[in-house]
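A.B. asks: Got a structure for you, questions after.
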Amino acid sequence: MTHQHPGTLYVVATPIGNLDDLTPRAARVLADVSRIAAEDTRHSARLLAHFGVNTPMISLHEHNEAQRVDTLDGYLAAGESIALISDAGTPLICDPGFVLVRELRARGRHIVPLPGPCALVTALSGAGLPTDRFTFGGFLPAKPSARRQALEKWQGREETLVFYESPHRIVHTLESLCEQMPERMVVLARELTKTFETFLQGSPASLRDQLEADPNQSRGEFVVIISGAPPAVQGDEQSIDANELLAAMLAEGVGVKQGASIAARMLGGRKQEWYARLQAMKGQH
């Protein structure tokens, strides 16, 4: 039997592109459960039809998830088993399902996750950037000011950074990276597991230029992977080295804005703070 425990919620990862990536175990669960909670039932109907699965579906998306908890809990209490799927990849990872899983766990329900496709892990495994430590930040904010603030928060992190991005915002995100992390190595992974799967690697500026020169490279959903910051100097030594660095840049005629970017890159911290510090030092001379 595929499942032995009645009243189980199965969290099932589905393909992010290539339908051959659905595991045999996932296919069996989808066929054997009483019903499937799907992010978009019309979208999932095509997937299920491909595998000859006729299990009834119920919608569960970001707008109705909280209202679905009691309904699905009732099915589980009656001994039915349910599969939770999103449109693609692993549910809960930038997709609905967290509220449902949290609430059902609190009620003592049996929950079984099935491993499978996940865009961020797939991208990391082929990007060639360090994977011993990484931080996943989901989608960056759409508004430029909020996106800048978010990137400032991540700027000093030494581990690899991973974000999702949509095709209509990818160039704007690269422009933000040009301003705030211009020296970082960036890998763009798009159309993962699909016919036109592409990995592009370079500085934010070079990648922005590539995408602007070839609009086809802006199609599809993106995983943006950014190399971590160099280790920041710590303790009292940092303030001494910082003063020397700032004074040297001013003496060499480096502009305050450019100097602030260099200081943030080398020593960590917020670019605005280094800008204010440079302005103050400049005013003393």
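The values are calculated or read from the model by the stated rules, or taken from the named source; none is laboratory data. Quick caveat, the model's predicted, so the values are computed rather than measured. Quick reminder, even Gly has a Cβ in these numbers, built from the backbone with ideal geometry, and neighbours come from all protein chains shown. Please note that ligands, DNA and RNA were not included when accessible areas were found on the heavy atoms of the full protein model with its side chains. Shrake-Rupley method; radii C 1.70, N 1.55, O 1.52, S 1.80 Å.
A.B. asks: Which residue, chosen from C118, V186, H43, occupies the Cα position most advanced towards the positive end of the dipole of the chain, where the dipole is computed from +1 (Lys, Arg) and -1 (Asp, Glu) charges on Cβ about the Cα centre?
C.D. replies: Projecting each Cα onto the dipole axis, the largest value belongs to H43.
A.B. asks: Can you give me the accessible area per residue for the chain, using a 1.4 Å probe, in Å²?
C.D. replies: Accessible area per residue, the chain: 51 Å².
A.B. asks: Right, another one. Along Cα→Cβ, 7 Å out, is where each label goes; now give me the distance between the ones at F139 and R157 in nm to one decimal.
C.D. replies: Once both label points are built, they end up 1.8 nm from each other.
A.B. asks: Could you list which residues have their amide H under 5 Å from that of V11, counting only those 5 or more apart in sequence or on another chain, with H placed in the peptide plane?
C.D. replies: L84, V112, L114
A.B. asks: Please compute the length gained on full extension between D209 and H50, using 0.36 nm multiplied by the number of residues separating them and subtracting their Cα-Cα distance.
C.D. replies: 53.3 nm
A.B. asks: Over segment 8-147, what is the relative contact order in percent, taking alpha-carbon pairs closer than 8 angstrom and at least six residues apart?
C.D. replies: Relative contact order comes out at 36 percent.
A.B. asks: Report the relative contact order of the chain, percent, no decimals, based on alpha-carbon pairs under 8 angstrom and at least 6 residues apart.
C.D. replies: 17 percent
A.B. asks: With the cut-off at 1.5 for a/c, could you classify segment 1-45 from its C-alpha gyration tensor as rounded, prolate or oblate?
C.D. replies: Oblate shape, in that a/c is at least 1.5 and b/c is the bigger or equal ratio.
A.B. asks: Pop out the ³J(HN,Hα) list for segment 49-59 in order, Karplus 6.51 cos²θ - 1.76 cosθ + 1.60 with θ = phi - 60°, rounded to Hz; leave Gly and Pro as x.
C.D. replies: 4, 4, 9, x, 9, 10, 4, x, 10, 9, 6
A.B. asks: If you don't mind, another one. How many nm is it between the label spots at E252 and A280, if each spot is 7 Å from the Cα in line with the beta carbon?
C.D. replies: For E252 paired with A280, the spin-label model returns 2.3 nm.
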